[in-house]
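Below you'll find the structure, written out as structure tokens, and then a few comments.
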Amino acid sequence: MSNVEMKKGAEEKNKQRSDFLTGNDAAALAIRDVNYDVMGYYPITPSTELPEALSMMQANGDHEISMVPGDGEHGAAGICYGASLGGGRVINATSANGLLYSIEQLPVQSGTRSPMVLNLVARTVSGPLNIRCDHSDLYFTLNTGWLILLARDPQAVYDLNIAAVKISEHADVRLPIIVCFDGFFTSHQKRLIHVFENGDTIKTFVGKPNTPITALDPKNPATFGAYMNDPDMINNKKQHSLAMEAARRVIPEVLHELEELTGRSYPILDAYRMEDAEYAVILLNSAAETAKEVADQLREKGQKVGVLSPNVIRPFPADEFRKALKNVKAIVVGDRGDSYGADGGNMSLEIRAALQRDPDNKTVVLSRIYGLGGRDFYDDDAEAFFELAQNSSNAIAFDYYGTYKGEPDRNPPKGMPPIKAEEVTRSMAKVTKNAETGKLDVELEPLWAMSDVKSRMAPGHGACPGCGIFPMLHQMYRVLEGDLVVLFHTGCGMVVTTGYPKTAHRITYIHNLFQNGAATLSGLVEMYYERVRRGELPESSDITFLMFSGDGGMDIGMGPAIGAANRNHRMIIIEYDNQGYMNTGSQLSYSTPMGHRTTTSEVGSVGSGKNFHHKDTAQIFSACHLPYVFTASEGFPEDLMRKVAKAQWYAKREGLVYGKIMSFCPLNWGVRDDAGQPVMQAAIDCCFFPLYEVEKGHTTISYDPDILGTRIPAINWFKQMGKTKHLAKPKNADIIKTFETEVDRRWKRLKAMHEHEEL
């Protein structure tokens, strides 16, 4: 083959095409073509679309990455660390509090020199809860020992995901690496980018992983992460520091190779119109692109201004900043996150520290915190930053930009008046203890008699039409008496009722994240009873404590909930089971039934939905030997209300109660808004969701389709929902059989416990 033919072949192989992609889609495309071995992940907005895209590709046979859903971000990080010890390539994506939940694992991975790539889709760290972009999560990673690249647009997301692999695995570095891009600004906004037509181009560029030591080589056993005494530990950290220093050389080398391959340049520090700049602004990621446009406009007016924006912040490009700012009179550093009490955001503090090493540099550094909670950064804002730099002699060194004083005489809109205990204490359910059995008997008033019981929820909410959460809440509130304090995990029930500054709750309401609601409420319960014991609250006070979980909350929140159960706090935990992470767009949950379609267990030419069975949380909590556990459905209101009345009795006297209630989700189940009754009835009649209670360790089935003659095969249920219609195809017959075999096994076990009290 001639040199001309070889060159033509290489050009054809490296050919690029135009595409219109979001940042998340661009990352997914690069990840697919790198051909990672394992992805440990957990859904969180706004990074969730990335594993969703990969799931759809996987369902259509476009990649072979093993996608492992964690039980939470902490678990996902552990999956990634373990996989990285096996010598293959590992990828993950997360945001905000998901990052913080996993952050304990990040120094473990970097400290043991285990390469991987993490896409951090930057988002506000709560509280209060906010899903929009700032860099408060990114700044928590600065001291984890990970390399950090910044991607300002979808093109950079694509390119830097390719470079990151090679940087992370370099023999002189071997450190995990983060590619950070802005949530919603970059992750969800489409841009015209260039991508390789042939994925083999990327595979050739990154090469094969070379892992000298792995945990999968029995002939050469190794120990990872063992305890170290003081002298050894400091040497380990010194080696870590040397690896970071080596990255200062390796990163530009790899980025230069990437430029030769793609034609796109990524300098360590992007310097825009800085050749003779007297004033500059320094911004990370997407906001820098806005500032560049404004710099062009000001240059036309004769103003010597420029923009600096790093593509790498770990290791921090101190030398590059010193060189770029040598002749600059003043700069404004915009930080999308505050280092509270340090009089500046992290970037401004590090730039100041870098300039201190240049005694001849007289650049004035102003620090401004901007854009928190996703507040947009417009041309006018960039112009204000440039103007501030040019008037630095009259400016204070540190301040927030974009805040407002408000109107002194204006108060938040008044919520609904609090509901009085006597308004809802109507004895709609009379609970008595059976002297012979020791169990509780409940006598309900007729449903029509409950119709005028005032609701603890104000009219109006933001839920989807047909949402089952509110029928469930209203049914429960009809029979619960006295004062209630409720805690909602993050989820649909929380999101649609408490958009600041309004609330639909007429009772005390608390929110905490998925992973820690049960622990939070148990702390409040203990404080309540302790203050009563000390005489600080009247003994006549009558409060029932109630936690609502759902939308995957009993995956990520399972540990704290079991902890609360083992401690047996006097409270009620209700799981509204809608079979997925519905508040973030219907991702796979451990409560999702086998074979069901979600956005992270997609259906395609190869994939057929979730490939493992649903988690039986009621039985898990029954194994904690609670005084009372029950399942219910909003389609059986009398049964639900009787069980809730029992739950309140036990929670106020004996300890923790757990209730699992099937909750209708028409949007993500793929059914009509008014189809709740037949669809949920079918779920119960096929024994997927049995109705029963476990009282003092004794199981009683409330509804037996075998006895009633209503038992149906699971396929009759699946045919009623859009998310499971694919299961009717002959190729999925084995999934149906496997599902029904497991459901039948669990049902027979439940019936055995019903028939034999000692079980």
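The values are calculated or read from the model by the stated rules, or taken from the named source; none is laboratory data. Note that this is a predicted model, so its numbers are computed, not measured. Here Cβ is always computed from backbone atoms with ideal geometry, including for glycine, and neighbour counts include all displayed protein chains.
How many residues are touching a Ser or Thr at 6+ places or on another chain (Cβ under 8 Å) and closer than 19 Å to Asp270 by Cα when one looks only at the stretch 126-149? Spell out how you get there, then give the answer.
Going residue by residue through the stretch 126-149, those that are touching a Ser or Thr at 6+ places or on another chain (Cβ under 8 Å) are 129-134, 136-137, 139, 144-148.
From the residues that got through so far, the ones that are closer than 19 Å to Asp270 by Cα too are 147-148.
Going through the stretch 126-149 one residue at a time, the tally reaches 2.
Only one entry in Ile712, Ile736, Ile707 is more than 27 Å from Leu626 (Cα to Cα) and either in a loop (DSSP other than H, G, I, E, B) or polar (S, T, N, Q) (or both), namely Ile712.
In contact with a strand residue (DSSP E or B) (Cβ under 7 Å, 6 or more places away or on another chain) and assigned by TED's automatic domain parsing to the domain that holds Ala675, is that true of Met494? It would help to see each step written out before you state the result.
On the way: in contact with a strand residue (DSSP E or B) (Cβ under 7 Å, 6 or more places away or on another chain): yes; assigned by TED's automatic domain parsing to the domain that holds Ala675: yes.
Yes: the conditions hold for Met494.
The condition (being buried (at least 17 other Cβ atoms within 10 Å of the Cβ), polar (S, T, N, Q) and over 19 Å from Ser633 (Cβ atoms)) is satisfied by just one residue among Asn668, Asn732: Asn732. Residue count for the stretch 506-515 satisfying the condition of being more than 23 Å from the chain's Cα centre (by Cα) and either free of Cβ contacts under 8 Å to residues at least 40 places away in the same chain or under 13 Å from Asn583 (Cβ atoms) (or both): 1. Just so you know, in the stretch 295-327 the residues that are touching an Asp or Glu at 6+ places or on another chain (Cβ under 6 Å) and of a type outside the set (S, T, N, Q) include one that is farthest from Asp358 (Cα to Cα), and it is Lys304. For the stretch 225-277, filtered to residues that are modelled with pLDDT under 95 and small (Gly, Ala, Ser), the residue that is surrounded by the fewest Cβ atoms within 10 Å (Cβ to Cβ) is Ala226. Of all residues in the stretch 235-253, those that are in the same structural domain as Leu147 (by TED's automatic domain parsing) and touching a residue at least 12 places away in the same chain (Cβ under 8 Å) have Cβ atoms under 7 Å from Cβ atoms of residues that are outside any helix (DSSP H, G or I) and of a type in the set (Val, Ile, Thr), 6 or more apart or on another chain, in Ala243/Val173; Ala246/Val173; Ala247/Val173; Val250/Val173; Ile251/Ile268; Ile251/Val312; Pro252/Ile268.
Counted as qualifying within the stretch 541-653 are the helices (runs of 4 or more DSSP H) with 1 or more residues that are over 30 Å from Glu422 (Cβ atoms) and β-branched (Val, Ile, Thr), namely 553-556, 558-567, 617-622.
Counting only strands (runs of 3 or more DSSP E) wholly contained in the stretch 413-505, the ones carrying 1 or more residues that are without any contact (Cβ under 8 Å) to a residue 40 or more places away in the chain, acidic (Asp, Glu) and out of contact with any helix residue (DSSP H, G or I) (no Cβ under 8 Å at 6 or more places or on another chain) occupy 440-444. Within the stretch 46-86, the set of residues being over 19 Å from Ile103 (Cβ atoms) and among the small types (Gly, Ala, Ser) comprises Ala53, Ser55, Ala59, Gly61, Ser66, Gly86. Filtering the stretch 530-547 for residues that are crowded, with 22+ Cβ neighbours inside 10 Å and under 26 Å from Cys665 (Cβ atoms) leaves a non-empty set. Residues of the stretch 278-306 that are within 19 Å of Thr186 (Cα to Cα) and either surrounded by 23 or more Cβ atoms within 10 Å (Cβ to Cβ) or touching a residue at least 24 places away in the same chain (Cβ under 8 Å) (or both): Ile282, Leu283, Leu284, Asn285, Ser286, Ala287, Ala288, Glu289, Thr290, Ala291, Glu293.
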